[in-house]
Amino acid sequence: MKKLTTLFLISAMAFQMAAQTPADDKFVYTEASDLTLVGKLMDTPNPYHRVDTVKFKGFTRSENIQVRESSGISVAFKTNSKTISVLTEYGDVGYPNNTGGYSARGYDLYIRRDGKWIWAGAGVAGDLTKPFNVIANMDGGMKECLLYLPILSEEYSVKLGVEKGSVIEPLPNPFRHRIGIFGSSFTHGISTSRAGMTYPAVFSRETGLQLLSLGCSGNCKLQDYFADVLAAADVDAFIFDSFSNPSIEQIKERLFPFIEKVQAAHPGKPLIFQRTIYREWRNFNTGSAKAEADRIAFADSLMKVACKKYKDVYYIYPNASAEDHETTQDGTHPSDRGYQLWARSIEKPVKKILRKYGIK
């Protein structure tokens, strides 16, 4: 009886894997970079990197890995295939404890219906060297698709598979303008369950404004070499989540030179800084709460000076918490719900500022 049970379980697992793994001879694969890449801050030799680490120097080892990760990048395309599969050649692959596998090394698919982006499917291959179906059993009508790439992994190749006889072609960029956003683990998307649930991604889907994400978990500290990257970017505006990682001393030393370098390269363009969010671990952890409050108060005071000293500099207050305090993943990072609240909390102030510059 035990042998029969084991055979049954093996057969069931094999059937499940067969249902999830596409047969290569039934699919035609297209490199994602031959379609429309959305959310890229700048061109790079590897199209799935966010920064050219040969051209730009100064990064630490961890930063060098992070800017090669594809967080914030998505692929826009049209297809009438009933199934969409993904085959990836990975470089560095992330296996974090505080972020879901679908987000860290997987893919997240949205399809536009009646003018809105509706979640359609997500997943990651069990064997990362093989393709998997991100969605199957669709009706065969032409679909406008947006596929988010992994937030904590590096890709050398991303191939999208559609059924033989079907069509796949680039979709014109569905978002408007080019708005750079530089930030911490929050902007990077740590603790999201899916790659499309970062707050920049949610913001873009809900407003139609294209955010070009350069989130670097734990490493957004107003560094001069990151200012060099932002200075070289082709953007209409900037948003910053830049007070979540640095110390008071780093903020004091680096904020004004950082602003001046970015403004020198982008005169007359808005620089929108965000206050760091309330971290739910502060609810009962009184030991560190004062230090966090002091850091926020210092950033507030310095930004009050900056907004008077520099034209086109703004300071806004995001919120990722709810009255029930059930919007966190680990006490520091928001859950998906928390990131949705964050995106919605900045929508009005950001749009109001951007309208002053003709960005709508």
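All Cα-Cα distances of segment 157-257, cut into 10 Å bins from zero to the largest, leave 14, 36, 31, 13, 5, 1, 0 percent in each bin in turn.
Taking 18 Å as the cut-off, the amide N atoms of segment 101-145 that come nearer than this to a point 7 Å along the Cα-to-beta-carbon line of Ser62 belong to 104. The lysine pair count for segment 25-170, using Cα distances under 21 Å and pairs eight or more places apart or on different chains, is 24.
Can you list the chymotrypsin sites (Phe, Trp or Tyr not before Pro) in segment 254-354 that are in a DSSP coil and have 12 or fewer other beta carbons within 10 angstrom? Don't skip to the answer; put the middle values down first.
Working: sites: Phe258, Phe273, Tyr278, Trp281, Phe284, Phe298, Tyr310, Tyr314, Tyr315, Tyr339, Trp342; in loops: Tyr278, Phe284, Tyr310.
For chymotrypsin sites (Phe, Trp or Tyr not before Pro) across segment 254-354 that sit outside H, G, I, E and B with at most 12 neighbouring Cβ atoms in 10 Å, the list reads Phe284.
In sequence order, segment 144-152 has phi-based couplings of 9, 10, 9, 10, 7, 8, x, 8, 10 Hz under the Karplus curve 6.51 cos²θ - 1.76 cosθ + 1.60, θ = phi - 60°, and Gly or Pro positions carry x.
What shape does segment 25-170 take by its C-alpha gyration tensor, where a ≥ b ≥ c are the square roots of the eigenvalues and a/c under 1.5 counts as rounded, a/b above b/c as prolate, and the rest as oblate? Prolate is the answer for segment 25-170, as a/c is 1.5 or above and a/b outweighs b/c.
Beta bridges assigned by DSSP with both partners in the chain are antiparallel in approximately 70 percent of cases.
Other residues with beta-carbon under 12 Å from the beta-carbon of Ala297 carry, at +1 per Lys or Arg and -1 per Asp or Glu, a net charge of +1. Look at Lys26, Lys356 and count the other Cβ atoms within 10 Å of each Cβ; fewest to most, that gives Lys356, Lys26. Give the relative contact order (percent, whole number) for segment 121-199; include only Cα pairs under 8 Å separated by 6+ residues. 25 percent. Would you work out if segment 103-212 is rounded, prolate or oblate? Take a ≥ b ≥ c from the square roots of the eigenvalues of the alpha-carbon gyration tensor; rounded if a/c is under 1.5, else prolate when a/b is larger than b/c, oblate otherwise. Verdict is oblate for segment 103-212. Listed by chain and number, the lysines placed with their C-alpha closer than 17 angstrom to that of Lys356 are Lys269, Lys311, Lys348; residues fewer than eight positions away on the same chain are left out. Mean residue ellipticity, 222 nm, helices only, the chain: the sum of -39500 (n - 2.57) across DSSP H runs of n ≥ 4, divided by residue count and rounded to 500, is -10000 deg cm²/dmol. Rounded to the nearest Hz, the phi-derived 3J(HN,Hα) couplings of segment 202-210 under the Karplus curve 6.51 cos²θ - 1.76 cosθ + 1.60 (θ = phi - 60°) are 4, 4, 5, 5, 7, 10, x, 8, 8, where x marks glycine and proline. Peptides 194-207, 141-154 ordered by packing proxy, namely the average of other Cβ atoms within 10 Å per residue, highest first: 194-207, 141-154.
In order along segment 319-330, the Karplus-derived 3J(HN,Hα) couplings, from 6.51 cos²θ - 1.76 cosθ + 1.60 at θ = phi - 60°, round to 9, 10, 10, 10, 4, 7, 6, 9, 10, 10, 8, 9 Hz, and Gly and Pro are given as x. Dividing the Cα radius of gyration of segment 176-355 by 2.2 N^0.38 Å, with N the residue count, gives 0.97.
Relative to its residue count, segment 259-343 spans a Cα convex hull of 111 Å³ per residue. Applying 1/(1 + (r/R0)^6) with R0 = 25 Å to the Cβ-Cβ distance of Glu169 and Thr129 gives a FRET efficiency near 0.35. Extension gain for the segment Met142 to Val305, taken as residue separation times 0.36 nm less the Cα-Cα distance, is 53.4 nm to one decimal. Would you mind getting me the FRET efficiency between Asp34 and Asn97? Use the beta-carbon distance for r and R0 = 30 Å, nearest 0.05. Efficiency, from the Cβ-Cβ distance: 0.30.
Coordinate-derived values only; no laboratory data. Computed from a predicted model, the values in this text were never measured in an experiment. Glycine also receives a Cβ, built like all others from the backbone with ideal geometry; neighbour counts cover every protein chain displayed.
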